[in-house]
Amino acid sequence: MKYVALIIVGTLCLASGFLTPLKYDSKVLSSLSLRRSSVNVPFCTSLKSATLPPPSSSKVKVSPSKSTDKSQDFVFGLSDDLVREKGRKTLVLEGDDLTTKPYQIILVWGTFLVQFLLSLSSLSTISSSHPLLSLPLTLTTLLLTYALSDLGSGIFHWSVDNYGNGSTPILGNIIAAFQGHHTAPWTITERGFENNVHKLCYPFGVALPLLSYLLGLRGIGLLSLTTFCFFEIMSQELHKWTHQTPKDTSSVINWLQKYNFVLSRRSHNKHHTMPFSGNYCIVNGWNNGWLDRSGFFRRLEKMVWEWKGVESNSWKLDGELKERTLRGEFRQEV
Ligand SMILES: [Zn+2]
Ligand SMILES: [Zn+2]
């Protein structure tokens with residue numbers, strides 16, 4: 001079975017013909033109509049880094065009046081800062097497309113099939129090596145991995161929001177998509193499932209299971225890794241649900257969000273405030289509180305700065321944040 005899995009993964013990797021980095025379309029972006037957030041920094045867009053404020057680049061048009069009808073302009077449940085004009089479909093990235101393509105369907109469901117087979121293999125190993133404890137071991141592994149995948153989504157999200165751009169090798173178009181999402185968050189609601197999650201199948205659907213095979217992971221280790229990768233891919237769909245209205249999502253999803261079994265609208269709404277410096281976790285949001293309170297990401301940013309001399313995009317948007325971080329004031333109110 002391992003050989004079959006390897007063949008499927010390899011075929012998927014080849015068939016999908018790795019993504020070419022998407023380029024930022026300044027014409028499209030300059031046509032956007034956004035309200036600025038409350039933070040007093042210039043709001044502009046560039047997919048060299050979508051959240052950066054170069055001094056004299058084209059700025060996003062600021063809408064002069066405030067909408068009073070949320071049912072018409074709703075884009076993000078709780079936010080007054082980002083509002084989509086009714087009926088507007090805006091693509092941020094040149095070459096981006098909201099239509100689901102056959103290769104995306106094959107890539108996503110092929111990935112899930114491989115993960116399912118790997119999970120079956122790991123369950124079989126667990127039940128044969130721990131016959132009496134297999135159920136509690138499996139449930140504990142799944143729960144812990146679900147929590148861990150939230151942490152992983154936060155670290156991944158932080159890294160692609162803050163470093164690199166659309167031209168970065170391998171992850172370039174994922175970086176462009178994450179950074180562009182701050183500019184036009186509504187586009188995620190207009191994507192079909194496979195279109196929405198397929199980009200994450202490259203790092204989490206292809207590379208990691210392949211690595212686990214090469215490392216010879218089995219049993220609990222393999223179950224953890226496949227579950228982790230599954231939720232990293234699904235994080236984009238869980239994320240999408242937070243941008244949809246409760247009317248657009250099923251009652252089950254609304255219930256899961258209400259009791260924080262999955263990422264809630266309230267939790268993710270906090271991320272969409274300049275300078276996009278917190279609430280990065282997008283699986284269930286369980287880790288957002290302690291990560292932001294402890295200044296976890298500020299510490300990482302300071303380390304990157306000292307190591308490579310590279311500023312995070314959050315620092316570029318908020319000079320005070322940079323100064324506080326460099327002074328060692330990491331903690332952030334949540
Ligand atoms: Zn973000
Ligand atoms: Zn979002």
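Miscellaneous remarks
- So residue 209, is it closer than 24 Å to residue 105 by Cα, in contact with a helix residue (DSSP H, G or I) (Cβ under 9 Å, 6 or more places away or on another chain) and away from ligand 2 (no atom under 16 Å from the Cβ): yes
- Within segment 124-142, the set of residues being surrounded by 13 or more Cβ atoms within 10 Å (Cβ to Cβ) and without any contact (Cβ under 8 Å) to a residue 12 or more places away in the chain comprises 124, 127, 130, 134.
- No other residue among 239, 243, 271 is free of Cβ contacts under 8 Å to residues at least 40 places away in the same chain, at negative phi and within 16 Å of ligand 1 (Cβ to nearest atom) apart from 271.
- Those helices (runs of 4 or more DSSP H) lying entirely in segment 114-221 with at least 1 residues at pLDDT below 90 and within 29 Å of residue 249 (Cα to Cα): 172-183
- Filter result for residue 285 (buried (at least 21 other Cβ atoms within 10 Å of the Cβ) and outside any helix (DSSP H, G or I)): yes
- Residue list for segment 175-188, restricted to those being more than 10 Å from ligand 2 (Cβ to nearest atom) and in contact (Cβ under 8 Å) with a residue 40 or more places away in the chain: 176, 177, 179, 180, 183, 184, 187
- A single member of 284, 279 is closer than 23 Å to residue 333 by Cα and more than 12 Å from ligand 1 (Cβ to nearest atom), and it is 284.
- Inclusion of residue 92 among residues that are in contact with a Ser or Thr (Cβ under 6 Å, 6 or more places away or on another chain) and either modelled with pLDDT of 85 or more or surrounded by 14 or more Cβ atoms within 10 Å (Cβ to Cβ) (or both) is warranted.
- Segment 174-207 - residue that is more than 20 Å from residue 281 (Cα to Cα) and touching a Leu at 6+ places or on another chain (Cβ under 9 Å) and, of those, nearest to ligand 1 (Cβ to nearest atom): 191
- Inspection of segment 302-312 identifies at least one residue that is touching a helix residue (DSSP H, G or I) at 6+ places or on another chain (Cβ under 8 Å), crowded, with 23+ Cβ neighbours inside 10 Å and at pLDDT below 95.
The values are calculated or read from the model by the stated rules, or taken from the named source; none is laboratory data. Here the structure is a predicted model, which is why all the values come from computation and not from measurement. No Cβ is skipped: glycine too gets one built from the backbone with ideal geometry, and neighbour counts run over all protein chains shown.
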